[in-house]
Each structure stands twice: as structure tokens, then as C-alpha cells.
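First up is the structure itself, then whatever we jot down about it.
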Amino acid sequence: MLISIIIPVYNAEKFIEKCLDSIKNQTYKNIEVIIINDGSTDNSENICREYCKNNKNFRLISKKNGGVSSARNIGLSEAKGDYIGFVDPDDWIEKDMFENLYKLIKDYNADISICGYIKESKNGILNKQNKKQIIELTETEALNEIIREDGFKGFLWNKLFSRELIKSYKDIFFYENIHFSEDLLFCCECILKSKKVIYDTTPYYHYIIHDNNICNSNYNSKKVTSLDAFEKIIYILSNKKGVDINKYKSLYMNISISLLMNYIKENRQEIDNYKKLKKSLYKYNLSEITSNYIKISCILCRINPKFCYLLWKVIK
């Protein structure tokens, strides 16, 4: 079976060679690699072009910069594989990652397979490696697992999706106006349509933390769009029996409060985003929030965000 691997690339010249080498050296050989150059201004495009010259199963598509979601949508529209995986250009993968993910899907007759991951920085490994454990999950169990602190998380890059699952539903795609938590939204939509998910805790993916990671910034205007992602997630899961929807609502409120505190901390002047963050504090009832810490923080923020920031600063 053909596996399509989609890589959105934007100014990743420092990392892209290691990423592409790790994909080129996969033990599973029946793959196509679709590289979407999203308007890079460094040497990324030239590096990717050289790989495509020397590897017939590598293909490069260049476009004007439009963001990672638009790049992935193009990748999805061009993919010919029976299964679809994603890799970020600043990360790298173990040589048998896709072989193992494919084997999991076939052995367990699953729609989505997932593996563990290692988080790395220039100072070394940041998370503990999980011991090998294979866990079968229903779609409901997976939707609860994905938001657990020590769960497999809503990343795209540690998962393999059945093409049939994605392509048979026209509503599964990346929202191009959402720039953060767009991967969690996509994963939740796919899991919701699945019958079985299989999770191997073995870490086959290497997630590299560096200075350019948007995740490293405390406040970023793109991060505010994560609230839009969570609103959509909560809407589509609200009638799904067995899903702990209040955990999703609590996460929404936690993100909102954190962004608001860091907005004040960094003395930003983005009035529309400030209004959006303040309004989001009233999105859900306090009785729906599962964490007392978040609940109290929300009450204080509703009364006076700047006073809450002073307390938050002391606690931090």
C-alpha cells in the first residue's frame, strides 16, 4: 500500500536535510513524499529541489506563503496514497516509523495508528521515553486520551491516517484561518469518524524544540486562533456520548487565560485580540470547568484582568 507523507516547509534550511534524510531512509519503501514549499525566503526550496532530483518518489510543490494549513490542504489534494502521514520540516523520524505505523493499522484493522515521540532541544531530551505498550482505543476513548497531559496529544506528525477516512468525508480539511491547534481539530475530526485507533507508545518521532518554534512564544497573535479551533472541536463533540466535553471547555478557558496574562505581560497593543480574549472568558459556564484553579483564575480575570495578572505573576 502506498503511503503519502506531506511536509509543509517554510524557512527550514537549518533542519530540512536531516528531516528528508530520515524519510528517504525509511524501511517502508512504498511511499510518496509531497513537499509543499510555502513561500520560503531562505534556501529551503533549493535544498528540497535537490532531493526531488535524486529521489523519484519525492515531489516539490511551491506556492506563495499562505500558512501551514493551506500547505497541508494542497498536500492532501495531491496525495495518492492509501494512507497519509505528516512530518514537520524541523523534525526527524526513526527509520522504521512508517513501517510500524502501517503494520499497526493492518494488524489491528484500525483507521488511525499513533506512536510515541521524543521532545528534544539543544540541551537534550525533554520528556521521558515511554516503554513499549500497544493500546486499542475506540473513537470515544481516543477523544478522551488525546487531551490527557500524558496522552498521545493532538499532533499530526505521530499519526498515520487512512486515506479513505479523510477523503470519504468532505468536511475534514485544515481551516486556513486557524494557525494554532489546527492539528488537534483535524485529529479530532478524523477520530470522530473512525471505528478503531491503535496507539504504540514507542517513540519513533523526534520533535525538535528551537528558537523559531511558535510554541515557544508566550503570546502570539496566531495562538489566539487556537480558541477558534477549540470552539469548533467542542461543537462537533458536544453530542458525542462518553466524551468528557468539560475537559475540552476547561482547556479552552485555560488557553484563554494564559494568552490574556501573557498579552498583559508583554504589553501588547492588539485591541481586537484583547477584546476577543476578554470575551472568551464568558464562553462557558463556570460550573462546566473541571479545574478549580482555572475556575478561580477565570473569576479573577472577569473582575479585573490586570489584577489577576499581578497574582498570576507571583504564582509563576
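The values are calculated or read from the model by the stated rules, or taken from the named source; none is laboratory data. Remember, it's a predicted structure, so these values are computed and weren't measured experimentally. Here the Cβ is made from the backbone with ideal geometry for all residues, glycine too, and neighbour counts use every protein chain on show. For accessibility, only protein heavy atoms count, side chains too; no ligands or nucleic acids. Shrake-Rupley method; radii C 1.70, N 1.55, O 1.52, S 1.80 Å.
Any residue at all in segment 217-232 that is open to solvent by less than 30 Å² (accessible area, probe 1.4 Å) and in contact with a Cys (Cβ under 8 Å, 6 or more places away or on another chain)?
No, the conditions are met nowhere in segment 217-232.
Take segment 2-21 and flag every residue that is outside any loop (DSSP other than H, G, I, E, B) and out of contact with any Lys or Arg (no Cβ under 7 Å at 6 or more places or on another chain).
Those that are outside any loop (DSSP other than H, G, I, E, B) and out of contact with any Lys or Arg (no Cβ under 7 Å at 6 or more places or on another chain): Ile3, Ile5, Ile7, Val9, Ile16, Glu17, Lys18, Cys19, Leu20, Asp21.
Looking only at segment 263-300, which residues are touching a helix residue (DSSP H, G or I) at 6+ places or on another chain (Cβ under 9 Å) and β-branched (Val, Ile, Thr)?
Hits for segment 263-300 are Ile264, Ile289, Thr290, Ile294, Ile299.
Cβ contacts < 8 Å: first residue over 27 Å from Lys247 (Cα atoms), restricted to segment 120-141; second residue modelled with pLDDT under 75 and surrounded by fewer than 12 Cβ atoms within 10 Å (Cβ to Cβ), any location; separation 6+ or different chain. Result?
Glu120/Leu126
Please find, within segment 61-89, the residue that is modelled with the lowest pLDDT out of those that are assigned to a loop (DSSP other than H, G, I, E, B) and crowded, with 21+ Cβ neighbours inside 10 Å.
Per the stated criteria, the residue is Ala79.
Under the condition of being among the β-branched types (Val, Ile, Thr) and not in a strand (DSSP E or B), which residue from segment 97-138 is surrounded by the fewest Cβ atoms within 10 Å (Cβ to Cβ)?
Restricting to residues being among the β-branched types (Val, Ile, Thr) and not in a strand (DSSP E or B), the top hit is Thr138.
Residues that are modelled with pLDDT under 95, within 15 Å of the chain's Cα centre (by Cα) and either buried (at least 21 other Cβ atoms within 10 Å of the Cβ) or under 24 Å from Ser221 (Cα atoms) (or both): does segment 166-174 have at least one?
yes
Within segment 286-316, which residues are open to solvent by less than 100 Å² (accessible area, probe 1.4 Å) and not in a helix (DSSP H, G or I)?
The answer is Ile289, Thr290, Ser291, Asn304.
Name the single residue, out of those in segment 34-60 being part of a helix (DSSP H, G or I) and not polar (S, T, N, Q), that is least open to solvent (accessible area, probe 1.4 Å).
Selected residue: Cys48.
For segment 236-261, which positions are more than 15 Å from Leu286 (Cα to Cα), assigned to a helix (DSSP H, G or I) and among the small types (Gly, Ala, Ser)?
The answer is Ser258, and nothing else.
Given (1) on the phi > 0 side of the Ramachandran plot; (2) buried (at least 20 other Cβ atoms within 10 Å of the Cβ), identify the lone condition not met by Asp183.
(1)
Every residue in segment 1-25 that is open to solvent by less than 10 Å² (accessible area, probe 1.4 Å), farther than 20 Å from Leu76 by Cβ and not aliphatic (A, V, I, L, M), please.
Within segment 1-25, none qualify.
Here's the yes/no breakdown for (1) of a type outside the set (Val, Ile, Thr); (2) more than 26 Å from Cys187 (Cβ to Cβ); (3) within 22 Å of the chain's Cα centre (by Cα):
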| position | (1), (2), (3) |
| --- | --- |
| Ile35 | no, no, yes |
| Arg49 | yes, yes, no |
| Cys52 | yes, yes, no |
| Val68 | no, no, yes |
| Arg72 | yes, no, yes |
| Ile84 | no, no, yes |
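Kindly indicate whether any position in segment 177-187 is more than 24 Å from Ser70 (Cα to Cα) and assigned to a loop (DSSP other than H, G, I, E, B).
no
Look through segment 142-151, keep the residues that are among the hydrophobic types (A, V, I, L, M, F, W, C) and assigned to a loop (DSSP other than H, G, I, E, B), and return whichever of them is least open to solvent (accessible area, probe 1.4 Å).
Going through the qualifying residues, I end up with Ile146.
What single numbered condition from (1) open to solvent by 50 Å² or more (accessible area, probe 1.4 Å); (2) within 23 Å of Asp244 (Cα to Cα) fails to hold for Gly154?
(1)
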